[in-house]
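Below: one structure, written as structure tokens.
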Amino acid sequence: MDSAGDSGERNLRSPEERAKELDCLYRIDEILRERGAEFRTVLLSVADAIPAGWQHPEVCGARLEVGEETVQTTGYKP
């Protein structure tokens, strides 16, 4: 496909990708606002929410390191 066609396809995908990114950020905001959860549980929830915001979440994983705590999703590969 020519570059004009590629650009048009990319522009059509962009709103969907932006929506996924925003959904991810809103989900993380909800997690961080929850009261009473253990710190490690919060980190795990945030790590689990991150891949959904990427273009290909089915092949993404996340790892978070905060202080002495390290958590990662099952799909994380260094």
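With GLU9, GLU17, GLU65, GLU30 as the choices, which residue is at pLDDT 95 or above, acidic (Asp, Glu), out of contact with any His (no Cβ under 6 Å at 6 or more places or on another chain) and part of a helix (DSSP H, G or I)? Don't jump to the end; show me each part of the working.
On the way: GLU9 fails: at pLDDT 95 or above; GLU17 fails: at pLDDT 95 or above; GLU65 fails: part of a helix (DSSP H, G or I).
Answer to the selection: GLU30.
Look at ALA52 and say whether it is at pLDDT 95 or above and either in a helix (DSSP H, G or I) or not small (Gly, Ala, Ser) (or both). First the steps, then the outcome.
Numbers: at pLDDT 95 or above: yes; either in a helix (DSSP H, G or I) or not small (Gly, Ala, Ser) (or both): yes.
For ALA52, the condition - at pLDDT 95 or above and either in a helix (DSSP H, G or I) or not small (Gly, Ala, Ser) (or both) - is met.
The values are calculated or read from the model by the stated rules, or taken from the named source; none is laboratory data. In this text, all values refer to a predicted model and were calculated from it rather than measured experimentally. Positions of Cβ are generated from backbone atoms using ideal geometry, with glycine treated the same way; all protein chains shown enter the neighbour counts.
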